[in-house]
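What follows is a short report on a single structure.
The values are calculated or read from the model by the stated rules, or taken from the named source; none is laboratory data. In this text the structure is predicted, and so the values were computed from the model without any measurement. Using ideal geometry, Cβ is built from the backbone for each residue, glycine included, and neighbour counts are taken over all protein chains shown.
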Amino acid sequence: MNKDQLFEQIKAKKSFLCIGLDPALEKLPKHLLKYENPVLTFNKEIIDATKDLCVAYKPNTAFYECMGLKGWETLIETWKYIPQDIFSIADAKRGDIGNTSAMYAEAFFNQTQSGMGFDAITVAPYMGKDSVEPFLKFKDKWVILLALTSNPGSNDFQQQDGSSGKLYETVLQTASGWANSDQIMYVVGATKGAELKNVRKFAPDNFLLVPGVGAQGGNLDEVCENGLNDQCGLLINSSRGIIYAGYGKDFAEKAREEALKLQVEMEAWLRRANLI
Ligand SMILES: O=c1ccn([C@@H]2O[C@H](COP(=O)(O)O)[C@@H](O)[C@H]2O)c(=O)[nH]1
């Protein structure tokens with residue numbers, strides 16, 4: 001999916017919500033445990049209940065990798081279940097020397113080979129250009145570089161001042177020379193809402209994947225105030241806040257209620273910014 005198509009989806013659905021599919025077996029509603037694959041059943045019900053309210057789904061691969069073979073199968077089946085017109089993000093946080101990154105890219109982008117054809121993958125930029133380039137070779141696929149993450153540890157490196165500014169500023173500046181805003185997005189945590197104004201100085205046109213609303217306490221209004229651009233430019237993610245909104249048989253309905261609350265707020269912001 002390209003940038004224009006993503007913006008069309010945002011306008012059509014009046015939403016820039018990304019739902020994180022991070023299911024942990026011990027947190028699933030108990031009645032699902034009788035199914036052959038409780039996690040997949042859970043994901044499918046969440047997707048069925050929310051697909052009209054969001055423009056992206058983001059499975060974090062850690063929640064699948066920890067289940068071994070069954071987890072990989074579940075990730076593949078989850079990806080297949082995400083409707084084609086909804087942006088799919090493998091939150092895998094990869095990046096390695098070139099030939100290894102090429103294999104990661106095959107794993108998450110090449111459906112014929114791996115069974116998964118995600119639209120985007122999260123990548124750590126720490127190893128530099130040659131570690132990111134193999135992902136950029138795939139047409140119409142996206143790299144989402146970690147820039148300013150939502151966790152407290154983002155202060156340890158990303159916010160440190162060097163001779164040419166903060167480390168995350170260097171990431172934004174340098175990566176803008178690797179590909180344009182049709183192929184690179186950045187992760188900026190919702191918990192860093194105030195800093196988004198600064199991020200936009202370095203990345204005015206890029207889409208930003210913004211995790212951290214809901215369970216991590218990020219402020220949606222602050223993110224929108226500082227982060228919206230003329231093509232929206234934001235995919236705001238909530239995982240636990242939506243998928244664990246309920247623990248009973250009505251868990252999918254409860255998830256929908258939470259997703260709807262966020263969609264309504266997003267619609268108001270899109271109107272305020274004259275984007276719809
Ligand atoms: O800076 C980052 C980068 C990635 N994440 C991931 O997003 C979701 C957030 O989950 P919540 O349950 O909504 O807190 C999760 O998969 C993280 O690994 C992030 O939170 N911050």
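Could you grab me the full set of residues in the stretch 162-221 that are hydroxyl-bearing (Ser, Thr, Tyr) and within 15 Å of the ligand (Cβ to nearest atom)?
Of everything in the stretch 162-221, those that are hydroxyl-bearing (Ser, Thr, Tyr) and within 15 Å of the ligand (Cβ to nearest atom) turn out to be 168, 186, 191.
Let's see how each residue does on (1) in contact (Cβ under 8 Å) with a residue 40 or more places away in the chain; (2) under 30 Å from residue 42 (Cα atoms); (3) surrounded by fewer than 23 Cβ atoms within 10 Å (Cβ to Cβ):
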| position | (1), (2), (3) |
| --- | --- |
| 111 | no, yes, yes |
| 138 | no, no, yes |
| 141 | yes, yes, yes |
| 160 | no, no, yes |
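Do you know which residues across the stretch 154-190 are among the small types (Gly, Ala, Ser) and either touching a Pro at 6+ places or on another chain (Cβ under 6 Å) or within 18 Å of residue 209 (Cα to Cα) (or both)? Residues satisfying the conditions are 154, 175, 176, 179, 181, 189, 190.
Per this entry, residue 159 is not counted among residues that are more than 10 Å from the ligand (Cβ to nearest atom), under 19 Å from the mean Cα position of the chain (by Cα), within 26 Å of residue 60 (Cβ to Cβ) and polar (S, T, N, Q).
Of the helices (runs of 4 or more DSSP H) lying entirely inside the stretch 100-200, those carrying at least 3 residues that are closer than 28 Å to residue 75 by Cβ are 111-114, 129-136.
Looking at residue 125, is it buried (at least 17 other Cβ atoms within 10 Å of the Cβ), at pLDDT 95 or above and of a type outside the set (Lys, Arg)?
Details: buried (at least 17 other Cβ atoms within 10 Å of the Cβ): yes; at pLDDT 95 or above: yes; of a type outside the set (Lys, Arg): yes.
Against the criterion (buried (at least 17 other Cβ atoms within 10 Å of the Cβ), at pLDDT 95 or above and of a type outside the set (Lys, Arg)), residue 125 qualifies.
Taking the condition of being buried (at least 21 other Cβ atoms within 10 Å of the Cβ) and either modelled with pLDDT under 95 or among the hydrophobic types (A, V, I, L, M, F, W, C) (or both), how many residues in the stretch 64-78 meet it? The qualifying residues number 1. Of the set (1) among the hydrophobic types (A, V, I, L, M, F, W, C); (2) part of a loop (DSSP other than H, G, I, E, B); (3) touching a Gly at 6+ places or on another chain (Cβ under 7 Å), all apply to residue 1 but (3). Here the condition is being more than 25 Å from residue 270 (Cα to Cα), under 18 Å from the mean Cα position of the chain (by Cα) and without any contact (Cβ under 8 Å) to a residue 60 or more places away in the chain; of 59, 38, 134, it holds for 59 alone. For residue 92, the conditions (1) over 19 Å from residue 241 (Cα atoms); (2) in a helix (DSSP H, G or I) all hold with the exception of (2).
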